[in-house]
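Trainee: There's a structure below that I have some questions on.
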């Protein structure tokens, strides 16, 4: 089994997109990328936007070789929307390329255990009968020696206001991998129990949403309690997504969990590049041309600009390595 991050916080964007490749099947999980439209009262810095652009290109490269797509829920950082979004480099054509009729898609139930916004977005995927599309919650199946299993719906956070997701287990007979999706810690007992019962060899989880001002002290305490239980039970864990949206994530982790957990990018030996949490510093350190956002809105920023700013900041090599890993399987 090989697990390849494509877009995530430790690669500079809001996302949790990755490939899982076994001898039997190539699986693309949550194929989207997003940026916080406002953080610290600032738009995304051009370096963040460049990371989003190259992440989108990398996801599209991964689409070409994937046979199965897993869609754990419909938030924009996990689900590509069929509309023009200038920070995410998406439109209807990109949507159709990702969720094409050639792919087998296992997706979140569009009617049950879902909030209004996600239900509205889910219709984009489910309104056509041409797709090979299945409700994922609670099912399992086997392809060759690879068994794929989905949890029942588990809450995104403690009061369920952000809806529900499902967790994914992929077991090729040699390695059992579990991806939590967005379980905010996990903050729910149901999500925690699923992880502990499955006893994965490798766990990738999103961690407590401790950075967000609307998350209560109680919710944070429960999330860290559950995380501590998991850390004691599972040897190889990578933390990602919500937890990496603050500069002090490493210090916070050591304080609350008394251990060091690598970021998801480190599963392929890439040190994390945290951009959103450093947005204020980026604007101070890297000059932004006054007309940049106007040109972006008009679609007049070319790819050479993105490649240049990535190279100037010594992170273009990250995606070169990722693309080489993908090309090993598709070319």
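Trainee: Among the numbered criteria (1) assigned to a loop (DSSP other than H, G, I, E, B); (2) under 21 Å from the mean Cα position of the chain (by Cα); (3) more than 26 Å from residue 160 (Cβ to Cβ), which single criterion is violated by residue 101?
Mentor: (2)
Trainee: State whether the residues of segment 178-193 include one that is in a helix (DSSP H, G or I), touching a helix residue (DSSP H, G or I) at 6+ places or on another chain (Cβ under 6 Å) and either surrounded by fewer than 21 Cβ atoms within 10 Å (Cβ to Cβ) or at pLDDT 95 or above (or both). Show your work before the answer.
Mentor: Here is the first cut: in segment 178-193, the ones in a helix (DSSP H, G or I) are 189-193.
From what is left, the residues that are touching a helix residue (DSSP H, G or I) at 6+ places or on another chain (Cβ under 6 Å) are 192.
This time we only want the ones that are either surrounded by fewer than 21 Cβ atoms within 10 Å (Cβ to Cβ) or at pLDDT 95 or above (or both), so: 192.
Yes, segment 178-193 has at least one match.
Trainee: Right, here's the next one. Picking from 74, 106, 99, which residue would you name as being within 17 Å of residue 182 (Cα to Cα) and touching a strand residue (DSSP E or B) at 6+ places or on another chain (Cβ under 7 Å)? Let's see the steps before the verdict.
Mentor: Working: 74 fails: touching a strand residue (DSSP E or B) at 6+ places or on another chain (Cβ under 7 Å); 99 fails: within 17 Å of residue 182 (Cα to Cα).
So the residue among 74, 106, 99 that is within 17 Å of residue 182 (Cα to Cα) and touching a strand residue (DSSP E or B) at 6+ places or on another chain (Cβ under 7 Å) is 106.
Trainee: So residue 113 ticks every box in (1) out of contact with any strand residue (DSSP E or B) (no Cβ under 6 Å at 6 or more places or on another chain); (2) in a loop (DSSP other than H, G, I, E, B); (3) without any contact (Cβ under 8 Å) to a residue 60 or more places away in the chain but one. Which box is left unticked?
Mentor: (1)
Trainee: All but one of (1) without any contact (Cβ under 8 Å) to a residue 24 or more places away in the chain; (2) out of contact with any strand residue (DSSP E or B) (no Cβ under 8 Å at 6 or more places or on another chain) hold for residue 189, so report the exception by its number.
Mentor: Here residue 189 meets the rest and fails (1).
Trainee: When both residues are 6+ apart or on different chains and their Cβ atoms are under 6 Å apart, which pairs have a first residue that lies in segment 126-138 and is on the phi < 0 side of the Ramachandran plot, and a second that is surrounded by 11 or more Cβ atoms within 10 Å (Cβ to Cβ) and modelled with pLDDT under 95?
Mentor: As it stands, the answer is 130/101; 131/101, since those pairs meet every condition given.
Okay, residues lined up against (1) under 14 Å from the mean Cα position of the chain (by Cα); (2) more than 24 Å from residue 293 (Cβ to Cβ); (3) surrounded by fewer than 21 Cβ atoms within 10 Å (Cβ to Cβ):
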site: 6; (1), (2), (3): yes, yes, no
site: 14; (1), (2), (3): yes, no, no
site: 37; (1), (2), (3): no, no, yes
site: 59; (1), (2), (3): yes, no, no
site: 74; (1), (2), (3): yes, yes, no
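Trainee: With (1) in a helix (DSSP H, G or I); (2) within 21 Å of the chain's Cα centre (by Cα); (3) farther than 17 Å from residue 36 by Cα as the list, and residue 221 as the residue in question, which single condition is left unmet?
Mentor: With respect to (1) in a helix (DSSP H, G or I); (2) within 21 Å of the chain's Cα centre (by Cα); (3) farther than 17 Å from residue 36 by Cα, residue 221 is out only on (2).
Trainee: I'm trying to understand the selection: among the residues of segment 154-176, which are in a loop (DSSP other than H, G, I, E, B), modelled with pLDDT of 95 or more and touching a helix residue (DSSP H, G or I) at 6+ places or on another chain (Cβ under 9 Å)?
Mentor: Step one: filter segment 154-176 for residues in a loop (DSSP other than H, G, I, E, B), giving 156-163, 166-167, 172-175.
Next, from what is left, pick out any that are modelled with pLDDT of 95 or more: 166-167, 172-175.
Selection gives 167 alone.
Trainee: Could you check residue 292 against (1) farther than 15 Å from residue 227 by Cβ; (2) free of Cβ contacts under 8 Å to residues at least 40 places away in the same chain and say which number it fails?
Mentor: In the conditions (1) farther than 15 Å from residue 227 by Cβ; (2) free of Cβ contacts under 8 Å to residues at least 40 places away in the same chain, residue 292 misses (2) alone.
Trainee: Follow-up. How about segment 272-297: which of its residues are surrounded by fewer than 13 Cβ atoms within 10 Å (Cβ to Cβ) and either within 24 Å of the chain's Cα centre (by Cα) or in a helix (DSSP H, G or I) (or both)? Outline the logic, then answer.
Mentor: Our first condition is that a residue be surrounded by fewer than 13 Cβ atoms within 10 Å (Cβ to Cβ); within segment 272-297, this holds for 284-285, 287, 289-291, 294, 297.
Scanning segment 272-297 gives 284, 285, 294, 297.
Trainee: Determine which single condition residue 37 fails, assuming it passes every other condition in (1) in contact (Cβ under 8 Å) with a residue 40 or more places away in the chain; (2) outside any loop (DSSP other than H, G, I, E, B); (3) over 19 Å from residue 239 (Cα atoms).
Mentor: For residue 37, the failing item is (2).
Trainee: Now a separate question. Does segment 58-84 hold any residues that are within 17 Å of residue 105 (Cβ to Cβ) and in a helix (DSSP H, G or I), and which are they?
Mentor: 59, 60, 62, 63, listed by residue number.
Trainee: Looking at segment 221-271, which of its residues are touching a strand residue (DSSP E or B) at 6+ places or on another chain (Cβ under 8 Å), surrounded by 21 or more Cβ atoms within 10 Å (Cβ to Cβ), more than 14 Å from residue 203 (Cβ to Cβ) and touching a residue at least 60 places away in the same chain (Cβ under 8 Å)?
Mentor: Across segment 221-271, the qualifying residues are 244, 265.
Trainee: In addition: Out of curiosity, is residue 79 crowded, with 23+ Cβ neighbours inside 10 Å and either in contact with a helix residue (DSSP H, G or I) (Cβ under 7 Å, 6 or more places away or on another chain) or closer than 20 Å to residue 134 by Cβ (or both)? So that I can check it myself, show each step before the final result.
Mentor: On the way: crowded, with 23+ Cβ neighbours inside 10 Å: yes; either in contact with a helix residue (DSSP H, G or I) (Cβ under 7 Å, 6 or more places away or on another chain) or closer than 20 Å to residue 134 by Cβ (or both): yes.
Taking the combined requirement at face value, the residue satisfies it.
Trainee: For segment 197-220, how many residues meet the condition of being exposed (fewer than 15 other Cβ atoms within 10 Å of the Cβ) and in contact (Cβ under 8 Å) with a residue 60 or more places away in the chain?
Mentor: Total satisfying the criteria: 1.
Trainee: Pull up segment 120-134, narrow it to residues that are at pLDDT 95 or above and either within 20 Å of the chain's Cα centre (by Cα) or in a loop (DSSP other than H, G, I, E, B) (or both), then point me to the one that is nearest to residue 68 (Cα to Cα).
Mentor: Once the filter is applied, the top-ranked residue is 125.
The values are calculated or read from the model by the stated rules, or taken from the named source; none is laboratory data. Bear in mind the structure is a predicted one, so any value in this text is a computation, not a measurement. Because the Cβ atoms are built from the backbone with ideal geometry, glycine has one as well, and the counts that use them run over all protein chains shown.
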